[in-house]
Structure formats: structure tokens, C-alpha cells
Amino acid sequence: MIQVDHLTKEYGGLRAIDDISLEFPKGQVTALVGPNGSGKTTLIKCILGLTHPTSGTITVADQQINGGWEYRKLIGYMPQIARFPDNLTVRDVLGLVQGVRGRAERPVNALADIFNLNGDRKKRMSALSGGTRQKVAAMIAAMFDPPIYILDEPTAGLDPISSGAMKEFIRSRRTEGRTVLLTSHIVSDIESLADRIVFLLDGHLMFTGTPDELKARTDRDSLEAAIPQLIQERSR
């Protein structure tokens, strides 16, 4: 569904992404992993068209990104830190998004049930906790039933019940054959959700494969031990 070919992105001579090629297929959850500054955010920005690659190509659903915007309708994006006008209620925000994008494909009431937001829809955004704002962002990402989801730290700040609901939502998207790309620093989330791992370090693609393949490559029994081992390999 998403194909990245020989992608490079430079900022003033600094290579945030260095000639990487990979794909994010349908019906799988891919975890984009790496320490801060590894190039994860830059890659996501390139896919979303928020920054332009220095070289290389990105293809989304057989459409090569080349300054266009129509392909973005295929993507539901949940940022790590969601920002909304504080004076608007949750209902106002959802209505504003629908005014821009059109009628929601998934019933808003059903999504509010999934993310336990029905009791908060009349509240102003300024009165919501960070975790509840994240649930609003997740709801917006899902409203238009996109074939692709890009979720940046989707369980960050969520209580255990909400985190469980979010994970179940992600699994259901996989079952429906959607493409899910997520980032997370929570190793247990990666272990429970990811079919594939893409590991970036200093803009380089260090690994792409299944969690079991990563553990086998590093000769470690857990992802928590395997991920640091990859970083040590790069520093040698």
C-alpha cells in the first residue's frame, strides 16, 4: 500500500533519512522503531507530504507522491500530540473536521463508543486531559474509514482501559485488511501489535522483518533486549 524507494531527506547538509527503501503492506501492522532523532518523524512527514524528499520516491496506493494532495484522503493520521482550539467542544471539533472533509464514513456515535468519548462530547477541549485529547485524535483518524492508518504513539497518555480499547481498534483495522503504520516507545505494545518492525537509526534502515526475525538476528529472547543490541551494532 505504501512503497518507499531510495528515499533521502537532507536538512542543510544533514541527512535525516539516508537512501532507504521499504514497504508498508496491506493487512499488517508495521511498527516504526528507533531512538529519538533516528528519522521516524521525517519519514512520516514525507509520507504525509508535509516535507518533500531530497531524492527518491514514495508511492501510496499506486499513486506516486509528487506534490499532489488527493492521496491524503486515503490516510487517517493520529499525531503524537494533538492540538485543537481550546474554546471548541469535542462535538464542535468533530463537526469542523466533517465540514472540511465531508460526511464521516464511520458513524460518529459508534466511534465515540469505541473510544469511550460519549460523556465528553459536550466538553471544551481546554477541559480535557491529554489522554482524552489523544482519543479525539484517534476518532478523527478513523472517521473517514481510510485504508491507511498512521498512528504516532497511539497509546501514549492513555489509561489501561483506553489503551486496551486502542489496541483492539488497531487489531480490527488489520483484520479488515488496512495498512497500519505506528510508532511507539512502549516495547510491550510493539510485541502485542506489530506484524513487522522497521528499525531506523541515524537515518539508516537497520532492520525490516518480523519481531521473531529481529530476535533471531540479535540472538535475544525479547524485543526489549533485541532493540538495544541493534543500536550497539551500529555504534561499533
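Taken together, the values in this text are just the output of simple stated rules run on the coordinates, not laboratory data. Predicted, not measured: the structure shown is a model, and the values here were computed from it. Cβ coordinates were reconstructed from backbone atoms using ideal geometry, including for glycine residues, and neighbour counts include every protein chain displayed.
Counting only alpha carbon atoms, the long axis of helix 90-101 and the longest principal axis of the chain meet at about 70°. Considering only Val136, Val29, Val108, the Gaussian network model of the chain with Cα springs below 10 Å gives its largest mean-square fluctuation to Val108.
Residue exposure proxy: Glu70, Glu213, ordered by other Cβ atoms within 10 angstrom of their Cβ from fewest to most, comes out as Glu70, Glu213. For the chain, adding -39500 (n - 2.57) for each run of n ≥ 4 DSSP H residues and dividing by the number of residues yields -11000 deg cm²/dmol at 222 nm. Using the Cβ of Lys123 as centre and a radius below 13 Å, the other residues enclosed give a net charge of +3, where K and R count +1 and D and E count -1.
Using a cutoff of 8 angstrom between alpha carbon atoms and counting only pairs six or more residues apart, the relative contact order for region 2-235 works out to 27 percent.
Compactness check for region 2-235: Cα Rg over 2.2 N^0.38 Å is 1.03.
Annotation for region 165-209: GluC sites (Glu not before Pro) lying in DSSP loop with at most 16 further Cβ atoms inside 10 Å of their Cβ are Glu176.
Lys-Lys pairs in the chain that are eight or more residues apart or on separate chains and whose Cα atoms lie under 26 Å of each other come to 25.
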